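Colleague: The structure under discussion is supplied below as structure tokens; questions concerning it will follow.
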Amino acid sequence: MTSPLASSYGQARARFLEASSAAGARVETFAHPDAGPNGEDLAVDLAWLAEAEGDQNLVLVVSGTHGVEGFAGSAIQTRHIVEGIELAPSTSMVMLHALNPYGFAWVRRTNEDNIDLNRNFVDFDARPVNERYGPIADVLVPDKWDEATQQATLRALLELLEQRGMPEVQEIVSGGQYDHPKGLFYGGVEPSWANRLLRDLCSGPFARFDRVVIVDLHTGLGPWGVGELISSVPDTSDAFEADQAVFGDDLVSLASGESVSAQLAGEWISAVAQWLSPAQVHAVAIEYGVVEIIQVLMALRADAWLHGYGDPTGSEAAPIKQALRAVFADDDPEWHERTWQRYQQVWRRINQALSA
């Protein structure tokens, strides 16, 4: 059976734009300065599917924050446009397709500067320090990727896991770091292209709304096909209670330590909530699981080596890219159906909250 997911960024974008055009959406395109692996144009596309009179509500659905995760996110967005879902009164809706088009096209989680966009929205004059990452930086991403090096570094990582356990290692590795540009979960030293674009959107077309609901589509963590709803605000806050009223009681806060994701600094939805002030912002990341976390880590390590020390256009690239795509996007139609059903559930909750 044919996969419902696109085989490339170009195909995903074409499907999205075709569906948006057929639905009569107003599309804005923001060209990315770099090109894809085959020289193709890259862009962030905004499809305004509904533009209500007034400035009451906006719903923003985003794919591709972590490029390769856009395969699943784009498929959900396009299916939403094609099938249509009821929208609450006095509500505008926009789909932001491929926040990180470079990573999507090159089948990377990170952007053109190896930056993880969800670590890039920090105060760079006082950016976080991850002292525990440095001692294992060369183990995570060695400068060689021959069989001997892979085996040696894997043994070292397994020993670390045995000593400290997966939760602590996940926190050390994926919490974000700002000192190793070729490493994993690198946050950068200045605002990225996508960071600047979002700031412009928040001071421009998104600024007029009183209430903004954000859905950010992610893959890679948790059980197969299950979509955990993740909030960035503390679960002891009034803001979290307000978000539960929009997204449901199964919303999980990063701060609780109970999420499939480690606590992190620099995610974009927290920054956007501040930029849109005094608007009331409700934001959720839906995190769909694909494979075990250790497989995700191994695929990320290989890809970081490829772009940091290898040749992303060379003969070793294809198997590394295939492995990376596989841990973030399952071509099994049943997996896509599960992700879609969860998305529909969340959408119904949002509509109910905005209709109240």
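Colleague: Among the listed residues Val290, Val284, identify the single one that is under 30 Å from Leu154 (Cα atoms) and touching a strand residue (DSSP E or B) at 6+ places or on another chain (Cβ under 9 Å).
Modeller: Values: Val284 fails: under 30 Å from Leu154 (Cα atoms).
From the options Val290, Val284, the qualifying one is Val290.
Colleague: Just to be sure, is Val122 part of a strand (DSSP E or B), among the hydrophobic types (A, V, I, L, M, F, W, C) and farther than 21 Å from Leu221 by Cα?
Modeller: On the way: part of a strand (DSSP E or B): no; among the hydrophobic types (A, V, I, L, M, F, W, C): yes; farther than 21 Å from Leu221 by Cα: yes.
Taking the combined requirement at face value, the residue does not satisfy it.
Colleague: Hey, could you check segment 49-60 for residues that are touching an Asp or Glu at 6+ places or on another chain (Cβ under 8 Å) and open to solvent by 10 Å² or more (accessible area, probe 1.4 Å) and say which is farthest from Glu28 (Cα to Cα)?
Modeller: Filtering segment 49-60 down to residues touching an Asp or Glu at 6+ places or on another chain (Cβ under 8 Å) leaves 55-57.
Filter once more, keeping what is open to solvent by 10 Å² or more (accessible area, probe 1.4 Å): 55-56.
Details: Asp55: 19, Gln56: 21 Å.
In this case the residue turns out to be Gln56.
Colleague: Moving on to the next point. Taking segment 94-127 as the search range and keeping residues that are out of contact with any Asp or Glu (no Cβ under 6 Å at 6 or more places or on another chain) and of a type in the set (S, T, N, Q), which one is nearest to Glu51 (Cα to Cα)?
Modeller: Asn100
Colleague: For Phe209, indicate whether it is open to solvent by less than 60 Å² (accessible area, probe 1.4 Å) and closer than 26 Å to Pro333 by Cα. I'd like the intermediate steps shown before the answer.
Modeller: Working: open to solvent by less than 60 Å² (accessible area, probe 1.4 Å): yes; closer than 26 Å to Pro333 by Cα: no.
No; evaluated as a whole, the condition is false for this residue.
Colleague: Still on this structure: Quick check: is even one residue across segment 150-171 in contact with a Leu (Cβ under 6 Å, 6 or more places away or on another chain), within 29 Å of Phe71 (Cβ to Cβ), without any contact (Cβ under 8 Å) to a residue 40 or more places away in the chain and surrounded by 14 or more Cβ atoms within 10 Å (Cβ to Cβ)? Break it down into steps so the answer makes sense when it comes.
Modeller: So the first thing to find is which residues in segment 150-171 are in contact with a Leu (Cβ under 6 Å, 6 or more places away or on another chain), and the list is 169.
Right, trim to within 29 Å of Phe71 (Cβ to Cβ) and you get 169.
If we keep only those that are without any contact (Cβ under 8 Å) to a residue 40 or more places away in the chain as well, we get 169.
Narrowing further to those that are surrounded by 14 or more Cβ atoms within 10 Å (Cβ to Cβ): 169.
Among the residues of segment 150-171, at least one is in contact with a Leu (Cβ under 6 Å, 6 or more places away or on another chain), within 29 Å of Phe71 (Cβ to Cβ), without any contact (Cβ under 8 Å) to a residue 40 or more places away in the chain and surrounded by 14 or more Cβ atoms within 10 Å (Cβ to Cβ), which makes the answer yes.
Colleague: Here are the criteria: (1) in a loop (DSSP other than H, G, I, E, B); (2) surrounded by fewer than 21 Cβ atoms within 10 Å (Cβ to Cβ); (3) out of contact with any helix residue (DSSP H, G or I) (no Cβ under 8 Å at 6 or more places or on another chain). Tell me which single one Arg196 does not satisfy.
Modeller: It is condition (1) that Arg196 fails.
Colleague: Restricting the search to segment 98-150, which residues are farther than 16 Å from Pro191 by Cα and polar (S, T, N, Q)?
Modeller: Asn130, Thr149, Gln150
Colleague: What helices (runs of 4 or more DSSP H) completely inside segment 240-356 contain at least 3 residues that are closer than 30 Å to Asp146 by Cβ, without any contact (Cβ under 8 Å) to a residue 40 or more places away in the chain and open to solvent by less than 60 Å² (accessible area, probe 1.4 Å)?
Modeller: Passing ranges, in order: 317-328.
Colleague: Scan segment 61-77 and give yes if some residue there is surrounded by 15 or more Cβ atoms within 10 Å (Cβ to Cβ), more than 21 Å from Leu221 (Cα to Cα) and in contact (Cβ under 8 Å) with a residue 60 or more places away in the chain, otherwise no. It would help to see each step written out before you state the result.
Modeller: Step one: filter segment 61-77 for residues surrounded by 15 or more Cβ atoms within 10 Å (Cβ to Cβ), giving 61-77.
Retained after the next criterion (residues that are more than 21 Å from Leu221 (Cα to Cα)): none.
The answer is no, given that none of the residues of segment 61-77 is surrounded by 15 or more Cβ atoms within 10 Å (Cβ to Cβ), more than 21 Å from Leu221 (Cα to Cα) and in contact (Cβ under 8 Å) with a residue 60 or more places away in the chain.
Colleague: Going through segment 1-43 one residue at a time, which ones are out of contact with any helix residue (DSSP H, G or I) (no Cβ under 6 Å at 6 or more places or on another chain), closer than 27 Å to Gln322 by Cα and in a loop (DSSP other than H, G, I, E, B)?
Modeller: Answer for segment 1-43, where residues must be out of contact with any helix residue (DSSP H, G or I) (no Cβ under 6 Å at 6 or more places or on another chain), closer than 27 Å to Gln322 by Cα and in a loop (DSSP other than H, G, I, E, B): Thr2, Ser3, Ser7, Ser8, Pro37, Asn38, Gly39.
Colleague: Only one of (1) in contact with an Asp or Glu (Cβ under 7 Å, 6 or more places away or on another chain); (2) in a helix (DSSP H, G or I); (3) of a type in the set (Gly, Ala, Ser) is not met by Ala72, so which one is it?
Modeller: For Ala72, the exception is condition (1).
Colleague: Consider segment 226-239. How many of its residues are more than 24 Å from Trp347 (Cβ to Cβ) and in a loop (DSSP other than H, G, I, E, B)? Step through it out loud before you land on a result.
Modeller: Within segment 226-239, the subset more than 24 Å from Trp347 (Cβ to Cβ) is 234, 236-238.
Still in the list and also in a loop (DSSP other than H, G, I, E, B): 234, 236-237.
Here the count works out to 3.
Colleague: How many residues are at pLDDT below 95 and either outside any strand (DSSP E or B) or in contact with a Cys (Cβ under 8 Å, 6 or more places away or on another chain) (or both) when one looks only at segment 44-68?
Modeller: Pass one, segment 44-68, residues at pLDDT below 95: 50-56.
Still in the list and also either outside any strand (DSSP E or B) or in contact with a Cys (Cβ under 8 Å, 6 or more places away or on another chain) (or both): 51-56.
Total satisfying the criteria: 6.
Colleague: Residue check: is Glu112 among the acidic types (Asp, Glu) and touching a Pro at 6+ places or on another chain (Cβ under 9 Å)?
Modeller: On the way: among the acidic types (Asp, Glu): yes; touching a Pro at 6+ places or on another chain (Cβ under 9 Å): yes.
Yes; evaluated as a whole, the condition is true for this residue.
Colleague: Condition test on Glu131, is it open to solvent by 30 Å² or more (accessible area, probe 1.4 Å), free of Cβ contacts under 8 Å to residues at least 40 places away in the same chain and closer than 24 Å to Leu254 by Cα?
Modeller: yes
The values are calculated or read from the model by the stated rules, or taken from the named source; none is laboratory data. Just so you know, these numbers come straight off a predicted model, no measurement behind them. Neighbour counts run over all protein chains shown; Cβ positions are idealised from the backbone, glycine included. To get the accessible areas, we keep the full protein, side chains included, count just its heavy atoms, and leave off ligands, DNA and RNA. Shrake-Rupley method; radii C 1.70, N 1.55, O 1.52, S 1.80 Å.
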